[in-house]
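The values are calculated or read from the model by the stated rules, or taken from the named source; none is laboratory data. Given the structure is predicted, the values throughout are model-derived calculations rather than measurements. Cβ atoms come from the backbone with ideal geometry, glycine included; neighbour counts cover every protein chain shown.
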Amino acid sequence: MIKKKLEDALNKQSSHEAYASSSYLAMASWCEKEGLRGCAEFFYAQSEEERGHLLKLVKYINEAGGHAQVSAVSAPANSYKNLQEVFKTGLEQEMGVTQDINKIVELALQEKDYAAFTFLQWYVQEQVEEENLFRLTLDIIKLAGKEDRSWLLVDKEIGALKDEEEKEEE
Ligand code: OFO
């Protein structure tokens, strides 16, 4: 049975995943309003994924004998200066989540909860992929500035990243 300390940490993490989902939804909406349909699709899909991460946690906590809690999520930013700021915020957010996950992994080891430790390995790997994805988007934006590429092309390339990710996962 899951220990209280770990249950609390996983519940806290589920609220971070819920925040990530709503913040990516806000980013999707911002992109859509700016006419960046590819980027909007990227963030709609990203928001869905974060909800998946949240559900995985909820199910694990309950399965391990704890009680998954649903807490209030603070409002995310709804407006941005430009597309670079949107993706930079996304990368920073992912880096923060990586640190949060690492802390829970350490706690699982301290508490000798090997089931939670094993469960968390999926998140450890996921964070490598998530950070990499956001770095790729920032590279595309940076290159676009250097090569004077149009925003339409940037939008298309970023929109295609999610399709590539899905193909790799198949
Ligand atoms: Fe849940 O991976 Fe992003 O935050």
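Would it be correct to say that TYR114 is among the aromatic types (Phe, Trp, Tyr), away from the ligand (no atom under 16 Å from the Cβ) and surrounded by fewer than 13 Cβ atoms within 10 Å (Cβ to Cβ)?
yes
Taken together, GLU157, GLU147 contain a single residue that is acidic (Asp, Glu), in contact with a Ser or Thr (Cβ under 9 Å, 6 or more places away or on another chain) and at pLDDT below 90, which is GLU157. A Cβ distance below 6 Å, combined with a sequence gap of six or more or placement on separate chains, defines the contacts here; from region 61-84, residues that are more than 23 Å from LYS3 (Cα to Cα) reach residues that are in a helix (DSSP H, G or I) and of a type in the set (S, T, N, Q) in the pairs VAL73/SER22; PRO76/SER22; PRO76/SER23. Closer than 21 Å to THR118 by Cα, surrounded by fewer than 20 Cβ atoms within 10 Å (Cβ to Cβ) and among the hydroxyl-bearing types (Ser, Thr, Tyr) - does that describe any residue in region 7-17? Yes: one or more hits.
Within region 2-48, if we keep just the residues that are of a type in the set (Gly, Ala, Ser) and over 17 Å from SER79 (Cα atoms), the residue that is farthest from the ligand (Cβ to nearest atom) turns out to be GLY38. If you go through region 78-95 and keep only what is surrounded by fewer than 13 Cβ atoms within 10 Å (Cβ to Cβ) and within 16 Å of the ligand (Cβ to nearest atom), you end up with just GLU92. Which one is farthest from the ligand (Cβ to nearest atom), of the residues in region 117-153 that are in a helix (DSSP H, G or I), out of contact with any Leu (no Cβ under 8 Å at 6 or more places or on another chain) and among the acidic types (Asp, Glu)? For region 117-153, the residue satisfying everything is GLU147. Look at (1) crowded, with 19+ Cβ neighbours inside 10 Å; (2) within 16 Å of the ligand (Cβ to nearest atom) and you find that LYS56 fails only one, number (1).
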